[in-house]
Structures are given as C-alpha cells and as structure tokens.
Amino acid sequence: MPLPRWIAATALTVVAALSLTAGPGETGVRAEGRITTGSAPSPALGEDIAYNVYLPARYDRTKDRHPVLYLLHGRGDTMQAWTRVKTTLDDMIRTKRIPPVIAVIPDAPWNERGNWYVDSRYTGEDLPGRPVETALTRDLVAHVDATYRTAPIRQARLVGGYSMGGAGALRFALAHQDLFGAAAVLSPAVYAPLPPSDSSARDYGAFGDGAAKFSEEVYRELNYPSLLPGLDEDLPVRLFVAVGDDEYANPDPADAHHDLDFESAALYNAARRSPAISAQLRVMDGGHDWTVWTPAFEQAMAELGPGLSVTPPTGLPAPLHGTPAADWAGGVAAHADGSLTVGYAAGGPVEGQPHAGRLDAVLTRTGGWTRQFGTAADERLYGVAALPDGGVLAAGYTKGDLDGRHPGNGADDAFVVRLDAAGMVRWLTQFGDPAAADRLYALSAAPDGGAYVAGYTKGSLDGPNAGDKDAVVARLTPDGALSWIRQYGGPGEDKASGIAAGAAAVQVTGSASAALPGTTALGGLDGWIAAYTTDGARQWATTAGGPQDDRLNAVTVTTAGLAVATGLSAGDALTVAYTGKGARRWQHVLATPQADEGAAVTPLPGGEVRVVGYTRGRVGVQAGGADVLVLRLDAKGAQRAATQLGTARDDAVDPFAEPDLYATTTPSGQVAVTGLTYGTPVGGTAPGNGDVFLAIL
C-alpha cells in the first residue's frame with residue numbers, strides 16, 4: 001500500500017536533512033556532542049559539586065586530550081542554563097572554527113544562588129558564607145583533570161559566564177592566571193568602585209564580613225581594579241567582554257554609571273591598559289538575556305577558541321644576552337667550528353667590559369670572548385657575518401667618534417668593524433656625510449674577506465640626494481677601505497635593509513615611499529629589490545607588494561641561484577623569489593588575522609630556504625604577543641613546515657612594531673636565530689627592559 005503523500009514527503013525531507021548533516025565517515029547522522037551529569041568532591045565545601053558536562057562528538061572514540069570550558073551561570077540560575085549552547089558548540093566544532101572542547105557547567109546553589117563565585121566571609125545563619133571560589137578553582141578543576149581527557153595547563157582552559165557568572169569568570173581569570181588563559185565575560189555584573197545601592201551584590205553575603213552582609217572593604221579587595229596592578233605579564237590573559245545595548249538603565253542619576261553597558265566599557269578600558277591582558281569588547285543588540293548571551297558566546301568562542309591548546313607553547317631558551325638597561329639585537333654569524341657570534345647593542349656593561357655610554361656595540365663568541373666598544377653616544381649593530389679565517393664582520397651606526405678620526409661628530413655615521421678569531425679589532429671604518437644622518441642596516445661578507453653593506457643616507461655620498469632619505473650600497477675591501485659607494489633614491493624616503501653577495505651579483509632589498517629609478521610605484525610604502533654587479537653597477541630593480549604598505553627586509557641567494565627576499569605586504573609575511581635577470585619566479589604569503597612579517601631568510605640545500613620573522617597570530621601554539629615565526633619553503637616556494645615560539649610578551653619586534661630579528665644557517669644545517677625579547681626564557685631569568693635571545697632550531 002503506498003504511503004500517503006504527506007508522509008512520503010516528510011520522510012524524504014528527513015532523509016535529505018540527515019544526509020546533508022552527516023559528518024565524514026558517518027551515515028545519515030550529524031556528529032553531535034552529548035551532555036551528561038557528574039559530581040566533584042569538594043573538601044573546601046564539605047559536599048559535592050554537581051555539574052553538567054558537554055563531551056564533544058567522538059570523545060569516546062579517540063584518546064585525544066581536549067581543552068576545557070568552565071561556564072558559570074548567573075544569580076538564581078542553575079547548571080541547566082548553559083546547556084542551551086550545545087548546538088553552538090556542535091556546529092563550531094564540526095566546522096572546525098574551534099577545536100573539540102569539553103564544557104563543564106557547575107551548579108552554584110550556595111548563598112541561595114547569589115554567591116558571586118567568591119569565598120564569602122559572611123557568618124550569618126540565614127546565608128552562611130561558603131568558599132565557592134576555592135571549591136571551583138581548586139576542587140572542581142582537579143576533579144575534571146582527573147576524570148576527563150584534559151590537559152592540565154592554562155592554555156587549555158577558558159572560563160566564561162554571564163551576569164553574576166560573568167563577574168565570576170573575570171575574577172577567576174585575573175585571580176587565577178595559573179589556571180585560566182582566557183575568559184568570556186558576558187554582561188558581567190561588575191561595578192567599580194562599589195555596586196549601586198539597589199544591587200543584589202549587597203544582599204546575599206557574598207561580599208560580607210562577619211555579621212555584615214556587605215563590606216565595602218571586602219568588595220574593593222575582591223574586585224577587578226584591585227587585581228589588575230598585580231597581574232603577572234608572563235601569564236597573559238585573553239579577555240572577551242560583551243554586553244547588550246538595552247541593559248537596565250538605573251533611574252538614579254547617581255548610579256547611572258553602574259548600568260552594565262557602562263560598566264562593561266569601563267572594564268574593557270581598564271583591562272586593555274594592563275600589559276598582561278589582551279582585551280576585546282562587543283556591544284550586542286539586546287538586553288540582559290540570552291538574545292545577547294547566545295550570539296556573544298559564539299563570537300567569544302570564535303575569538304578565543306582557536307587559541308586553546310592542549311600543548312604548551314614553545315619558549316625561548318636561556319640564557320639571554322643583555323643588561324638591566326635597554327638592549328637591542330644586532331645579528332648572528334655561524335662559524336665553521338660550530339661556534340656563533342652574536343651581536344647586539346647594550347645599555348650597560350657586559351661581562352666586565354667597560355661601558356662607554358648610552359648604547360654600546362657588543363660581540364660575543366659562544367664559548368669564547370666578548371668585546372664591547374662604543375662612545376658616549378649611541379652605537380647600534382645591524383648585521384654580523386662570519387669570515388673564512390674564523391673572524392667576524394659587524395656593521396651599524398654610531399653617533400660618536402668611534403674610529404678616532406671623527407671628532408665632534410653629532411650625526412649618525414655608518415661603520416663596519418672586523419675582528420679576528422680571538423676577538424681583536426683588526427680595523428674599524430666610519431663614514432658618512434658630516435652634516436647628515438647615515439645608517440647601515442645590512443651586511444654581507446664578500447668572498448675575499450671584504451664586506452658589502454646597505455642602509456640609507458640623508459646626505460650626499462654619491463651625487464646629490466634625491467629626496468628625504470636615499471638607499472646606500474657600499475663595498476669595503478678586506479683591509480677596510482671604501483672601494484665604492486652607490487646612492488639609490490627617489491623623491492620619497494628610501495631605505496635599504498637587506499643585502500646578499502652572490503658569485504657575480506649583489507642583491508639589495510628595502511622600502512620606498514615613492515617610485516625609485518627603474519621601478520613603478522605600487523601605492524603606500526613599496527618593497528623593492530635591486531641587483532648590483534660586484535663593481536657597483538645597478539643591473540635591475542623592481543618593486544614587490546601591492547597598494548598598501550610593503551617592505552622587503554632581507555634577502556639571500558639560494559643554492560639554485562635565485563634571489564629570495566622576505567618582508568611585509570599589507571600586514572602579511574611576504575617572501576618572493578627572483579631570477580638573476582629580475583623575473584619573479586615564485587611568491588609565498590603567510591597570513592593570519594594578525595600582523596605577520598618576514599625579517600631574515602637563509603639558504604638550505606636543494607634551493608630551499610628558511611624564513612624567520614614574527615607573527616601576532618597563530619601558526620602553531622601562540623606564546624604571547626609577537627612570537628618568533630620560522631618557515632621552511634621548498635625550491636618552488638611551497639611551505640613545508642612552520643614553527644612558532646616565544647615568551648608571554650613581545651619577541652622579535654621593537655617598540656615601534658618593526659622586526660629586530662636575525663638568522664643564519666649553521667654548518668650542521670640548523671638555523672641560528674637571535675632577536676629582541678621582552679619576556680622571560682624557559683628556565684632562566686631576564687635582565688629586563690628588552691634583552692637578546694639566541695635559539696638554535
């Protein structure tokens with residue numbers, strides 16, 4: 001007997017829907033997580049903590065570990081409230097917007113559901129205070145890690161909440177940085193400096209003391225303004241704050257600033273000024289209800305979820321080079337005997353060496369010697385290169401009389417120095433326009449023991465200046481004499497920042513704010529690359545990038561003979577390869593939602609290269625602000641590997657958001673990377689104010 005038409009149509013619709021939602025390897029069934037209940041023993045409370053737990057699809061089919069969300073309900077609600085986000089979690093996990101996560105939703109009935117997630121000191125018999133904060137952050141977290149396949153690290157935990165739960169999530173994230181790396185704070189019932197007179201925060205004893213249900217002193221002590229100054233910058237917190245634009249408007253003008261949309265904005269503006277917090281704020285359409293909290297939770301997870309990781313970030317190795325004063329990275333060279341020479345600028349004495357004043361140039365041979373030299377003014381290094389005899393070249397700029405032949409010098413001068421294998425200075429050449437600034441930003445050793453250098457001048461070193469700054473390329477002989485110097489510029493600001501000497505040509509890269517001779521302006525700041533003969537004749541030049549700001553910071557010549565340059569294009573890390581005649585062979589772009597930039601490039605066998613730069617996004621496991629980025633590209637520009645490492649603070653960039661990072665290939669085929677860090681290395685200490693790391697990868 002045939003089915004009635006409406007039944008058949010319904011059946012077909014259901015089958016179609018099931019087919020459309022089936023996951024890979026499944027037949028007609030959408031991959032969904034499940035919610036179950038549990039209880040955690042709590043010595044702090046003397047009773048169990050009841051909770052709901054969301055387990056992602058296929059949790060029982062794998063042995064994988066998972067990040068955990070701890071979701072706190074609002075005043076008067078129960079552990080059922082957050083179960084409505086199950087569909088959001090299912091969809092975001094299925095579409096890979098977030099990794100598979102466990103969500104734990106504790107019930108918080110204490111103080112008759114007005115506990116504010118703190119350890120109450122109220123002793124009244126009507127609402128006896130309970131150590132709720134201790135119970136949830138110590139007992140519940142320990143139980144979850146022992147019961148489910150989690151990772152007991154802060155990078156794998158996010159705490160979230162709405163209303164009273166939002167206040168609790170904020171408190172947990174700031175007071176327990178060792179436990180939580182991120183917080184989703186939705187319509188948080190936080191008030192600064194004190195809650196309004198009609199706030200329920202005053203009524204349940206959460207902020208009480210003894211017989212008093214509310215103590216201003218206790219509230220101030222537990223509130224976020226008291227926590228912000230003491231946060232640990234080495235344990236960064238990612239904070240997402242959201243609130244509705246139709247929150248309750250207090251009719252009392254004296255309490256108008258306690259409306260939660262106002263308080264959320266105040267929280268955000270206070271938090272974003274803490275170096276330990278990266279904060280975001282969203283104002284949603286709606287009031288104090290799930291019309292705001294459901295979409296806000298999805299947005300919070302889209303921002304914070306991808307940063308959850310069951311693997312801790314890779315840190316920078318100890319020890320750091322530097323002093324308690326400001327220090328800057330200046331280059332690294334690899335020698336045939338396996339040693340390295342690290343160059344940097346130091347704001348104080350290093351290893352007992354005399355400090356001439358302000359910033360001195362320092363060269364340190366691993367396992368060997370340290371040489372510090374300078375004047376009462378500033379010296380900076382911007383390149384170190386190994387020589388076949390075990391010696392080393394270094395280049396940069398000085399504001400003083402570094403070579404003893406420039407008395408009264410008050411402008412930046414370029415300088416190049418050669419040290420022998422024992423660290424003794426063999427020669428030092430200082431040069432520049434006496435009336436203008438001249439700086440070197442790049443160095444490459446010549447096959448005969450001389451040097452090629454590049455930078456800029458604001459003066460006239462090779463004919464008249466074409467604009468604000470002109471790029472400069474120069475050749476020095478093995479005994480330090482200037483062989484030739486070339487000035488290359490247009491009407492704008494032009495700099496050379498990378499140089500590489502090949503067998504028959506010298507490749508130079510940089511940036512220009514207007515068209516250079518022989519090139520076409522692309523818009524904004526342009527990256528450029530030019531080839532010179534070993535006698536200083538420019539063979540070709542071209543620009544790279546697009547209509548936004550671009551620059552090429554470094555260049556190398558591969559074993560296949562290509563010139564490969566790396567830098568920045570519209571906020572992404574750009575690497576481009578050119579033939580000996582200037583034709584582009586390939587291009588690679590690494591893009592995250594945050595800033596990425598290449599700073600150094602070194603050759604590998606088979607025409608491959610390693611690109612070293614920085615990222616503020618996620619390529620691997622994010623460590624902090626700006627992290628060191630290492631890419632391996634094959635001979636055709638395809639990405640073969642990517643590594644991210646760093647500290648909880650900025651690495652590889654200076655305070656002006658420009659890279660301060662150098663790299664070279666060692667004889668064993670590894671990459672030696674040195675750069676600026678404002679963080680603390682693994683197992684070590686930081687002198688402070690910016691130090692220099694050395695990592696072998």
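The values are calculated or read from the model by the stated rules, or taken from the named source; none is laboratory data. Model, not experiment: these values are computed from the prediction. Note: ideal-geometry Cβ built from the backbone for every residue, glycine included; neighbour counts use all protein chains shown. The accessibility values were calculated without ligands, DNA or RNA, using every heavy atom of the protein model including side chains. Shrake-Rupley method; radii C 1.70, N 1.55, O 1.52, S 1.80 Å.
Just so you know, in the range 297-328 the residues that are aliphatic (A, V, I, L, M) and in contact with a helix residue (DSSP H, G or I) (Cβ under 7 Å, 6 or more places away or on another chain) include one that is surrounded by the fewest Cβ atoms within 10 Å (Cβ to Cβ), and it is V310.
From the list G348, G400, G408, the one residue that fits, being open to solvent by 20 Å² or more (accessible area, probe 1.4 Å) and either among the aromatic types (F, W, Y) or in a loop (DSSP other than H, G, I, E, B) (or both), is G408. Can you pull out the residues in the range 624-671 that are within 21 Å of P313 (Cβ to Cβ) and touching a helix residue (DSSP H, G or I) at 6+ places or on another chain (Cβ under 8 Å)? Of everything in the range 624-671, nothing turns out to be within 21 Å of P313 (Cβ to Cβ) and touching a helix residue (DSSP H, G or I) at 6+ places or on another chain (Cβ under 8 Å).
For every residue, the table says whether it meets (1) open to solvent by less than 10 Å² (accessible area, probe 1.4 Å); (2) in contact with a Cys (Cβ under 8 Å, 6 or more places away or on another chain); (3) under 25 Å from S444 (Cα atoms); (4) not polar (S, T, N, Q).
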| residue | (1), (2), (3), (4) |
| --- | --- |
| A595 | no, no, no, yes |
| A599 | no, no, yes, yes |
| L604 | yes, no, yes, yes |
| V619 | no, no, no, yes |
| G625 | no, no, no, yes |
| A635 | no, no, yes, yes |
| T643 | no, no, no, no |
| A663 | no, no, yes, yes |
| S668 | no, no, yes, no |
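Of all the numbered requirements in (1) among the polar types (S, T, N, Q); (2) more than 30 Å from Y70 (Cα to Cα); (3) in contact (Cβ under 8 Å) with a residue 60 or more places away in the chain, Q353 misses one, and that requirement is (3). Given the structure, is R358 over 27 Å from the mean Cα position of the chain (by Cα), basic (K, R) and open to solvent by 30 Å² or more (accessible area, probe 1.4 Å)? So R358 passes the test. Filtering the range 425-441 for residues that are closer than 19 Å to A512 by Cα and either surrounded by fewer than 16 Cβ atoms within 10 Å (Cβ to Cβ) or β-branched (V, I, T) (or both) leaves an empty set. Take V612 and decide whether it is closer than 25 Å to T509 by Cα, open to solvent by less than 30 Å² (accessible area, probe 1.4 Å) and either touching a Ser or Thr at 6+ places or on another chain (Cβ under 7 Å) or not in a strand (DSSP E or B) (or both). For V612, the condition - closer than 25 Å to T509 by Cα, open to solvent by less than 30 Å² (accessible area, probe 1.4 Å) and either touching a Ser or Thr at 6+ places or on another chain (Cβ under 7 Å) or not in a strand (DSSP E or B) (or both) - is not met.
Given the criteria within 20 Å of S511 (Cα to Cα) and either without any contact (Cβ under 8 Å) to a residue 12 or more places away in the chain or among the β-branched types (V, I, T) (or both), does V589 qualify? Judged against the criteria, V589 is a match.
Entry remark, the range 526-555: residues being touching a Lys or Arg at 6+ places or on another chain (Cβ under 6 Å) and surrounded by fewer than 24 Cβ atoms within 10 Å (Cβ to Cβ) number 1 in total.
For the range 615-652, the set of residues classified as more than 27 Å from W586 (Cβ to Cβ) and part of a strand (DSSP E or B) consists of D651 only.
Only residues that are open to solvent by 30 Å² or more (accessible area, probe 1.4 Å) and either in contact with a Lys or Arg (Cβ under 8 Å, 6 or more places away or on another chain) or not in a helix (DSSP H, G or I) (or both) were counted in the range 196-226, giving 11.
Sort out which residues of the range 169-195 are of a type outside the set (A, V, I, L, M, F, W, C) and part of a loop (DSSP other than H, G, I, E, B), and write them in order of number. Those that are of a type outside the set (A, V, I, L, M, F, W, C) and part of a loop (DSSP other than H, G, I, E, B): H176, Q177, D178, G181, S187, P188, Y191, P193, P195.
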